[in-house]
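Presented below is the structure to which this report refers.
The values are calculated or read from the model by the stated rules, or taken from the named source; none is laboratory data. Predicted model, so just to flag it, every value in this text is computed and none were measured. No Cβ is skipped: glycine too gets one built from the backbone with ideal geometry, and neighbour counts run over all protein chains shown. Side chains are part of the model used for accessible areas, which takes the heavy atoms of the whole protein and leaves out ligands, DNA and RNA. Shrake-Rupley method; radii C 1.70, N 1.55, O 1.52, S 1.80 Å.
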Amino acid sequence: MEKEPGASKTNYLRISVTDRCNLRCRYCTYWRDWRKLPSVEILRYEELLRLAAIAAEMGISKVRITGGEPLVRRGLVEFLGKLHHVPGINKVCLTTNGVLLRELAPALYDTGLRHLNISLDTLRRERYRQITGRDNLAEVLAGLERAASLGFHPLKINCVVLKGINDEEVLDLAMLAQDHPYQVRFIELMPTVSQEWWQRHFQPLSEVRRRLTVLGPLMPSTREATAGPARNFRVPGFRGELGFISPMSGHHCRTCNRLRLTADGKLRPCLLAASELDLKGPMRLGLGDDLLGYLFQEAVELKAGKARFSLVHSHQPGRSMVSIGG
Ligand code: SF4
């Protein structure tokens, strides 16, 4: 697929397989107004596999499965097994909130899945309930332990930093990477719910990095071709790494290599912009693979050049984060 000089090749597709979730994170969606998609609007697994194959033809080699919470969707394990055999897709990853991970980890591992991201914003039970609206911290920690014992690697922990809520815990969370080969990644809050809530709780990662200097010098790690937006660092004496994802204070548009497919079949060139292309409608009307491939090409062109910056500065995803999959 064409790309502008210096920009990254678009080789990574994030697929949201559902807009359902068993948590209610405060920074995710304005839950009072949220309505789940009618099931018929959600792409069927065979449709997802077909689009993954078309995307691979177009140069996509890495796929990340997201939600909502992907583990709540029935049949996910079988789907993952098939996804690992789509020609051209040589890396399959999954992002989960970990609540159902302890019980599903062995079956997930048997599909060939190794790359796992687990959302964990706090190690404190009451604060977990405050952020997610649910009392599931114990399950998530048990799921993390189970996944580590099975050999999932790299095991990444995603922590959204919320000023005045969990920012005083960044050192405790970072320490998870001392004795374990985890990548603990700190993520800047995005204004997906309300500008007012964002202004109250946004913490630039420069402040987080300042607080982590007590751990010692942060030494940059090497990056792979299909790497996401994280900037990773090694710390002396740590088995794992620390990562920083700063979409607000240091956006990484030029190195952005991904497209997003929503659970209802819309292809998005950018997380923070409203523009999206409908794949489900034309596909269900019988459009052939070559023309569907053309829509992938169009999404990449939408991402390219001048459009990129105007896309980002809008900061209005135009739909709830739970239906984009982050
Ligand atoms: S989709 Fe993710 S961020 Fe949103 S409520 Fe579920 S776990 Fe939380």
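For the reader, a short list of remarks on this structure follows.
Rundown of residues vs (1) open to solvent by 40 Å² or more (accessible area, probe 1.4 Å); (2) among the aliphatic types (A, V, I, L, M); (3) away from the ligand (no atom under 16 Å from the Cβ); (4) modelled with pLDDT of 95 or more, yes/no style:
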{"site": "Pro38", "(1), (2), (3), (4)": "yes, no, yes, yes"}
{"site": "Arg73", "(1), (2), (3), (4)": "yes, no, no, yes"}
{"site": "Ile89", "(1), (2), (3), (4)": "no, yes, yes, yes"}
{"site": "Leu104", "(1), (2), (3), (4)": "yes, yes, no, yes"}
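- Filter pass, Leu272 being open to solvent by less than 30 Å² (accessible area, probe 1.4 Å), within 18 Å of the chain's Cα centre (by Cα), hydrophobic (A, V, I, L, M, F, W, C) and modelled with pLDDT under 90: yes
- Complete set of residues in the range 8-36 that are basic (Lys, Arg), open to solvent by less than 60 Å² (accessible area, probe 1.4 Å) and either more than 30 Å from Leu137 (Cα to Cα) or within 12 Å of the ligand (Cβ to nearest atom) (or both): Arg20
- Look at (1) away from the ligand (no atom under 13 Å from the Cβ); (2) touching an Asp or Glu at 6+ places or on another chain (Cβ under 8 Å) and you find that Leu51 fails only one, number (2).
- Residue check, Thr222 of a type in the set (S, T, N, Q) and open to solvent by 60 Å² or more (accessible area, probe 1.4 Å): yes
- Of all residues in the range 178-190, exactly one satisfies the criterion of being open to solvent by less than 10 Å² (accessible area, probe 1.4 Å) and assigned to a loop (DSSP other than H, G, I, E, B), namely Leu189.
- Residues within the range 275-292 that are at negative phi, open to solvent by 10 Å² or more (accessible area, probe 1.4 Å) and part of a loop (DSSP other than H, G, I, E, B), tallied: 5
- Qualifying positions in the range 143-177 - polar (S, T, N, Q) and part of a helix (DSSP H, G or I): Ser149
- Test result for Val193, β-branched (Val, Ile, Thr), open to solvent by 10 Å² or more (accessible area, probe 1.4 Å) and in contact with a Lys or Arg (Cβ under 9 Å, 6 or more places away or on another chain): yes
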